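> Just dropping this structure here.
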Amino acid sequence: MRGKKEFPNNFEKYRQADSRHFEPVTWEEFYEWRLCQWELPSSICCIVRAEHKETGKITEHVYQKPSAVAKRLQAYDKQGTHDVILASHEFVVPLSRPQFSLLTDANIIDSEDD
């Protein structure tokens, strides 16, 4: 039986730590640092976030290979039921249905594995 992976965290350790151990950050600094920027590990090619137009259910897919991203976008293109956001190291872009095929056809996402 497959279940969701559980990722351990250190919440309790950080919660119990003395605040002197943390550098103070203003809201503006935090906003610019974490909300206006994103970082993907070097092993990740991109993330595809899809929202079903009728139900609002959101699904995220993480890919290491560009060819897998192209296949996923082609599948969403055929379904025509999702709004998609594509995040890579260089950009975060919302896609509408006609743009899915443009990305793969124009080789913006390279169809060959790195």
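The values are calculated or read from the model by the stated rules, or taken from the named source; none is laboratory data. No experiment lies behind these values; they were computed from the predicted model shown. Neighbour counts run over all protein chains shown; Cβ positions are idealised from the backbone, glycine included. Calculation scope for accessible area: heavy atoms of the full protein, side chains included, ligands and nucleic acids excluded. Shrake-Rupley method; radii C 1.70, N 1.55, O 1.52, S 1.80 Å.
> For the chain, please list each of the strands (runs of 3 or more DSSP E) lying entirely inside it that holds at least 2 residues being at pLDDT below 85 and open to solvent by less than 90 Å² (accessible area, probe 1.4 Å).
92-95
> Does L40 satisfy the condition of being closer than 30 Å to T81 by Cα, out of contact with any Phe, Trp or Tyr (no Cβ under 8 Å at 6 or more places or on another chain) and without any contact (Cβ under 8 Å) to a residue 24 or more places away in the chain?
Answer is no for this residue.
> Same structure, new question: Looking at segment 19-36, is at least one residue free of Cβ contacts under 8 Å to residues at least 60 places away in the same chain, farther than 25 Å from V62 by Cα and of a type in the set (K, R)?
yes
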